[in-house]
Structure formats: structure tokens, C-alpha cells
Amino acid sequence: MLYIIRHGRTDWNDLHKLQGQTDVPLNDEGRLMAEKARETYRDVHFDICFCSPLIRAKETAEILLRGRNIPLLTDDRLMEMSFGSFEGLENSFDIPDCPINTLFFAPDRYISPPGGAESLDDLFARTGAFLRECVDPLLKEEKDVLIVGHGAMNSSIVCRIRNLPRAQFWSAGIENCRLMRLI
């Protein structure tokens, strides 16, 4: 089985700031969410957990798996999508013609704007390589794999596994600390 979960809340989530690859920690609510997820999913079997190296995902994974003998491996390919110079931008939806908003409202038409933002092609390439190299072999061995990550990064995995078009990039509704079984 393949499972994914998104990290708990951060102060930047609460402020509606674009986080991307900025390393923002969980806040108290996020830690509490992870603790509740630990209790809710305590009977779900995982053989291994792969995690983004960003602190909000890593801390979520550590809380979620506390007390269980499950290997936790970080992989840079599981980092959140980079929003480049737009990281830290607050309330982008309130800014008319903000180019990063296309990602959220029309992902099939998203073109990464200048300033270092990552393209969907790049995101799909790195998560696809991770799935092929790390997850597929384990699934063939009938292992239960957990990925702890982020909204956009997890959405790219959902799209790949479910063979969804980019127009449906956000269709899974990746909520904080909600476990999703994909396979």
C-alpha cells in the first residue's frame, strides 16, 4: 500500500503565506494535529516512511511515528514545490494578476514566473523519479509505504498515481495531517 500525508499547520499556513521550500516549523496547532493523527492512524501498518527534509514535514513524521519501529528516510525530491521569489508572499489571492495564482486556479495553464519558481514539469519529474526509484520496488515487495510531504508535492504524486490531468492537480484536497491511501 502507498499512503501520503501532509504536514501539520504552520504559522505561515495561518497567515496565508506561500511556504514552498522555505523551512517553516510546525506551530502548536500543527504539533497537536500530528499528535491526533498519531492516535487516529496508530493501527495503520507502515513498513517505511519517506519524508521531505523540510522541518514541518519531518517533525510531523516524527510525531506521527513516535513509539513505532518504522524507518524514517528523508529525500530532497519530496520537498515542497519551490515558489521562488514568491515564497513568503502573504494573501497572494488578494493581489490581482499575481502570476503564481494560476497554479492554484488553472494549474493546466501554469507557467513558472521569473524569480526561481519551479515548473510543474520539474515537480513531476522529481516526484516521478522518486516513485520509480524508491516506492515502486517496495510496492512490488508488498510493503506499506508512507510519504510525509506537502500540498503541491503530494498533489503531484496523486496525479501520477491516479493518472489525473493537470487541470485536476488540486482535486484530492490535500488536508493537513489527513492520511490518504493511494494504492
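Readers should treat all values here as calculations from the given coordinates under stated rules, not as data from a laboratory. Bear in mind that the values here come from a model prediction, so they are computed numbers and not experimental data. Neighbour counts run over all protein chains shown; Cβ positions are idealised from the backbone, glycine included.
The label point for THR40 and the one for ASP97, both projected 7 Å from the Cα toward the Cβ, are 4.2 nm apart. Between helix 120-130 and the chain there is an angle of about 10 degrees, using the helix long axis and the longest principal axis of the Cα atoms.
Exposure proxy ranking for PHE105, PHE124, based on other Cβ atoms within 10 angstrom of each Cβ and starting from the fewest, stands as PHE105, PHE124.
Relative to the longest principal axis of the Cα atoms of the chain, helix 151-162 runs at roughly 70 degrees. Backbone N atoms of the range 63-101 closer than 13 Å to the 7 Å Cα→Cβ label point of ALA125 are not found in any residue. In terms of other Cβ atoms within 10 Å, THR127, THR40, THR10, THR22 run from fewest to most in the order THR40, THR22, THR10, THR127. Sorting the segments 136-146, 28-38 by their residues' average number of neighbouring beta-carbon atoms within 10 angstrom, most packed first, yields 28-38, 136-146. Checking (1) 48, 35, 24; (2) 74, 40, 26; (3) 45, 38, 29 against Cα extents along the principal axes in Å calculated from these atoms, the matching label is (1).
Projecting the Cα atoms of SER92, LEU78, THR22 onto the charge dipole of the chain, computed from C-beta unit charges around the Cα centre, puts LEU78 farthest toward the positive end. Taking other C-beta atoms within 10 angstrom as a stand-in for reagent exposure, GLU133, GLU80, GLU62, GLU87 fall in the order GLU133, GLU62, GLU87, GLU80, fewest first.
Helix 55-65 axis versus longest C-alpha principal axis of the chain: approximately 20°, rounded to the nearest ten.
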